(Lines give C-alpha, C1' and ligand atoms only; values in the text may rest on other atoms or scores of the structure.)
Protein backbone atom coordinates (compact mmCIF):
# COMPACT_ATOMS: atom_id res chain seq x y z
CA UNK A 1 0.00 0.00 0.00
CA UNK A 2 1.32 3.41 -1.00
CA UNK A 3 0.36 6.98 -0.15
CA UNK A 4 0.06 9.89 -2.56
CA UNK A 5 -0.51 13.42 -1.32
CA UNK A 6 -0.98 16.91 -2.61
CA UNK A 7 -1.71 20.37 -1.29
CA UNK A 8 -5.18 21.72 -1.94
CA UNK A 9 -5.16 25.33 -3.13
CA UNK A 10 -8.96 25.77 -3.05
CA UNK A 11 -11.65 23.49 -1.74
CA UNK A 12 -15.09 23.86 -3.28
CA UNK A 13 -16.03 20.20 -3.67
CA UNK A 14 -14.66 19.73 -7.18
CA UNK A 15 -11.31 17.99 -6.60
CA UNK A 16 -11.90 15.93 -4.64
CA UNK A 17 -15.64 15.59 -5.16
CA UNK A 18 -16.93 13.94 -1.96
CA UNK A 19 -20.65 13.96 -2.77
CA UNK A 20 -23.16 11.16 -3.13
CA UNK A 21 -21.37 8.36 -1.32
CA UNK A 22 -18.35 8.39 -3.62
CA UNK A 23 -15.21 10.46 -3.33
CA UNK A 24 -13.87 11.01 -6.83
CA UNK A 25 -10.76 12.65 -8.17
CA UNK A 26 -11.56 13.31 -11.84
CA UNK A 27 -9.97 16.69 -12.54
CA UNK A 28 -6.79 18.52 -11.57
CA UNK A 29 -3.77 16.58 -10.32
CA UNK A 30 -3.04 14.67 -13.54
CA UNK A 31 0.28 13.39 -12.19
CA UNK A 32 -1.53 11.55 -9.39
CA UNK A 33 -4.45 10.38 -11.53
CA UNK A 34 -2.09 9.16 -14.25
CA UNK A 35 0.57 7.71 -11.97
CA UNK A 36 1.40 4.19 -13.16
CA UNK A 37 2.31 3.25 -9.58
CA UNK A 38 -1.06 4.06 -8.02
CA UNK A 39 -2.88 0.83 -7.28
CA UNK A 40 -6.19 -0.26 -5.84
CA UNK A 41 -5.81 -0.03 -2.05
CA UNK A 42 -3.44 2.97 -2.13
CA UNK A 43 -4.38 6.20 -0.38
CA UNK A 44 -4.64 9.73 -1.74
CA UNK A 45 -4.37 12.44 0.89
CA UNK A 46 -5.16 16.12 0.43
CA UNK A 47 -3.60 18.60 2.83
CA UNK A 48 -4.21 22.29 3.23
CA UNK A 49 -2.06 25.05 1.82
CA UNK A 50 -1.06 28.60 2.67
CA UNK A 51 -3.54 29.86 0.07
CA UNK A 52 -6.33 27.85 1.72
CA UNK A 53 -5.18 29.13 5.14
CA UNK A 54 -5.02 25.53 6.35
CA UNK A 55 -1.34 24.65 6.01
CA UNK A 56 -0.53 21.26 7.59
CA UNK A 57 -4.22 20.34 7.91
CA UNK A 58 -5.81 17.13 6.70
CA UNK A 59 -8.61 18.03 4.25
CA UNK A 60 -9.39 14.55 2.92
CA UNK A 61 -8.14 11.01 2.55
CA UNK A 62 -9.46 8.38 0.15
CA UNK A 63 -8.50 4.78 -0.42
CA UNK A 64 -8.44 4.07 -4.15
CA UNK A 65 -11.00 1.36 -4.89
CA UNK A 66 -11.42 1.91 -8.62
CA UNK A 67 -9.61 3.54 -11.54
CA UNK A 68 -11.66 4.22 -14.66
CA UNK A 69 -11.06 6.46 -17.67
CA UNK A 70 -12.72 9.83 -18.10
CA UNK A 71 -14.87 8.38 -20.89
CA UNK A 72 -15.96 5.45 -18.71
CA UNK A 73 -16.81 7.91 -15.93
CA UNK A 74 -18.88 10.03 -18.33
CA UNK A 75 -20.87 6.98 -19.46
CA UNK A 76 -21.34 5.20 -16.09
CA UNK A 77 -24.98 5.38 -14.95
CA UNK A 78 -23.99 5.56 -11.27
CA UNK A 79 -22.02 8.79 -11.86
CA UNK A 80 -24.58 10.73 -13.89
CA UNK A 81 -25.40 12.78 -10.76
CA UNK A 82 -21.81 14.07 -10.82
CA UNK A 83 -22.41 15.91 -14.11
CA UNK A 84 -22.53 19.63 -13.29
CA UNK A 85 -25.66 21.73 -13.14
CA UNK A 86 -24.28 25.27 -13.19
CA UNK A 87 -27.24 26.97 -11.50
CA UNK A 88 -27.97 24.04 -9.17
CA UNK A 89 -26.98 23.32 -5.59
CA UNK A 90 -23.35 23.46 -4.47
CA UNK A 91 -23.08 19.69 -5.02
CA UNK A 92 -24.48 20.07 -8.55
CA UNK A 93 -22.42 23.14 -9.49
CA UNK A 94 -19.18 21.42 -8.62
CA UNK A 95 -19.89 18.10 -10.29
CA UNK A 96 -16.62 16.71 -11.69
CA UNK A 97 -18.01 14.54 -14.51
CA UNK A 98 -17.69 16.91 -17.47
CA UNK A 99 -15.11 15.46 -19.87
CA UNK A 100 -15.68 13.01 -22.68
CA UNK A 101 -14.35 12.47 -26.17
CA UNK A 102 -16.18 12.91 -29.43
CA UNK A 103 -16.49 9.30 -30.65
CA UNK A 104 -15.61 10.23 -34.24
CA UNK A 105 -12.84 12.81 -33.83
CA UNK A 106 -11.54 11.68 -30.40
CA UNK A 107 -11.31 15.38 -29.46
CA UNK A 108 -12.04 16.13 -25.83
CA UNK A 109 -15.28 17.90 -24.98
CA UNK A 110 -15.47 20.01 -21.85
CA UNK A 111 -19.09 20.46 -20.78
CA UNK A 112 -20.20 23.63 -19.00
CA UNK A 113 -18.64 23.32 -15.57
CA UNK A 114 -16.57 24.96 -12.85
CA UNK A 115 -13.56 24.55 -15.18
CA UNK A 116 -15.18 26.21 -18.20
CA UNK A 117 -14.67 29.80 -19.27
CA UNK A 118 -17.34 32.47 -18.96
CA UNK A 119 -20.57 31.42 -20.61
CA UNK A 120 -19.67 27.73 -20.59
CA UNK A 121 -17.10 27.89 -23.36
CA UNK A 122 -14.12 25.55 -23.25
CA UNK A 123 -11.22 26.66 -21.07
CA UNK A 124 -8.17 25.31 -22.98
CA UNK A 125 -5.87 25.49 -19.94
CA UNK A 126 -8.14 23.35 -17.76
CA UNK A 127 -8.95 21.02 -20.65
CA UNK A 128 -5.25 20.32 -21.23
CA UNK A 129 -4.38 19.77 -17.57
CA UNK A 130 -7.46 17.74 -16.68
CA UNK A 131 -7.33 15.39 -19.67
CA UNK A 132 -3.63 14.66 -19.14
CA UNK A 133 -4.81 12.50 -16.25
CA UNK A 134 -6.20 9.37 -17.86
CA UNK A 135 -7.98 7.99 -14.81
CA UNK A 136 -10.69 8.97 -12.39
CA UNK A 137 -9.88 7.68 -8.91
CA UNK A 138 -12.93 6.45 -7.01
CA UNK A 139 -13.54 5.57 -3.38
CA UNK A 140 -16.31 4.76 -0.94
CA UNK A 141 -13.71 4.51 1.84
CA UNK A 142 -12.89 8.15 2.47
CA UNK A 143 -12.84 10.93 4.98
CA UNK A 144 -13.64 14.45 3.83
CA UNK A 145 -13.17 17.14 6.47
CA UNK A 146 -13.23 20.29 4.32
CA UNK A 147 -13.34 23.42 6.47
CA UNK A 148 -13.43 21.22 9.59
CA UNK A 149 -9.93 19.99 8.76
CA UNK A 150 -7.63 18.87 11.53
CA UNK A 151 -4.05 19.87 12.14
CA UNK A 152 -1.63 17.07 11.34
CA UNK A 153 0.78 16.56 14.24
CA UNK A 154 4.12 18.22 13.48
CA UNK A 155 6.06 14.95 13.66
CA UNK A 156 4.17 13.77 10.52
CA UNK A 157 4.52 16.94 8.40
CA UNK A 158 7.51 15.61 6.47
CA UNK A 159 5.46 12.59 5.36
CA UNK A 160 2.88 14.72 3.53
CA UNK A 161 4.79 17.75 2.39
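What the table below lists for this structure:
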read-out	value
Qualifying positions in region 133-152 - in a strand (DSSP E or B) and either within 15 Å of the chain's Cα centre (by Cα) or on the phi > 0 side of the Ramachandran plot (or both)	135, 136, 137, 138, 139, 142, 143, 144
Which listed residue is over 18 Å from residue 82 (Cα atoms), modelled with pLDDT of 95 or more and in a helix (DSSP H, G or I), from 125, 155	125
For residue 13: the one exception among (1) over 20 Å from residue 125 (Cβ atoms); (2) modelled with pLDDT under 95; (3) surrounded by fewer than 16 Cβ atoms within 10 Å (Cβ to Cβ)	(3)
Hey, residue 91 at pLDDT below 95, under 15 Å from residue 16 (Cβ atoms) and buried (at least 16 other Cβ atoms within 10 Å of the Cβ) or not	yes
Residues satisfying the stated conditions in region 133-149, i.e. at pLDDT 95 or above and either surrounded by 13 or more Cβ atoms within 10 Å (Cβ to Cβ) or closer than 15 Å to residue 96 by Cα (or both)	135, 136, 137, 138, 139, 142, 143, 144, 145, 149
Counted residues, region 23-60 - those being loosely packed, with under 15 Cβ neighbours inside 10 Å and part of a loop (DSSP other than H, G, I, E, B)	9
Verdict on residue 81 being under 21 Å from residue 13 (Cβ atoms), in contact with a helix residue (DSSP H, G or I) (Cβ under 6 Å, 6 or more places away or on another chain), in contact (Cβ under 8 Å) with a residue 12 or more places away in the chain and in a helix (DSSP H, G or I)	no
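Yes/no per residue for (1) closer than 22 Å to residue 146 by Cβ; (2) touching a helix residue (DSSP H, G or I) at 6+ places or on another chain (Cβ under 8 Å); (3) free of Cβ contacts under 8 Å to residues at least 60 places away in the same chain:
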site	(1), (2), (3)
24	yes, yes, no
34	no, yes, no
47	yes, yes, no
61	yes, no, no
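The values are calculated or read from the model by the stated rules, or taken from the named source; none is laboratory data. What you see is a predicted model; the values in this text were computed from it and never measured. Every residue, glycine as well, gets a Cβ built from its backbone with ideal geometry; the counts of neighbours run over all protein chains shown.
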